[in-house]
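All of the numbers you see were taken from the coordinates with simple rules; none came from a lab. Only a predicted model underlies this, so the values are computations on that prediction, with no experimental measurement involved. Here the Cβ positions follow ideal geometry from the backbone for every residue, glycine too, while neighbour counts run over all protein chains shown.
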């Protein structure tokens, strides 16, 4: 494997860690901040530069992961825009749907990034 390939794979791991680094206390304001961060996943992935054909399977998984993080970002934005809700109100149901989507999509994105990292490790091992 080339040095550039190793650097690119390290970038995938760093991006995964960054996307999963979310605040433990979630308020309307933090949801909007999280939404902004997650919506930049593909842009950050593209910023890692080009990848080789050998790393295409990793890149494909990472792109799928970013799609999930960006979906999560949209859901966090929806929940953040709703803000505080009254129990039993129509807004409460919209808020619950948005937060379920947000956290579920983060989980899916994280799993896909973990799969991408595993695939990268397998490619490294095969190249030895």
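Worth pointing out:
- Full-stretch length increase - residue 97, residue 17 - with 0.36 nm per residue and alpha-carbon distance subtracted: 26.2 nm
- Based on Cα contacts under 8 Å between residues 6+ apart, segment 3-127 shows a relative contact order of 34 percent.
- Label-to-label distance for residue 125 and residue 10 is 2.2 nm, based on points extended 7 Å past Cα in the beta-carbon direction.
- Between 0 and 90°, nearest 10: helix 28-38 axis offset from the chain longest Cα axis: 20 degrees
- Square roots of five times the Cα gyration tensor eigenvalues for segment 25-84, Å: 29, 10, 7
- Translational D in µm²/s for the chain (Stokes-Einstein at 37 °C, 0.692 mPa s, Kirkwood Rh from C-alpha pairs): 213 µm²/s
- Against the chain, whose longest principal axis is taken from its Cα atoms, helix 56-82 shows a tilt of about 10°.
- On Cα atoms only, tilt of 3-20 relative to the major axis of the chain in degrees: 10 degrees
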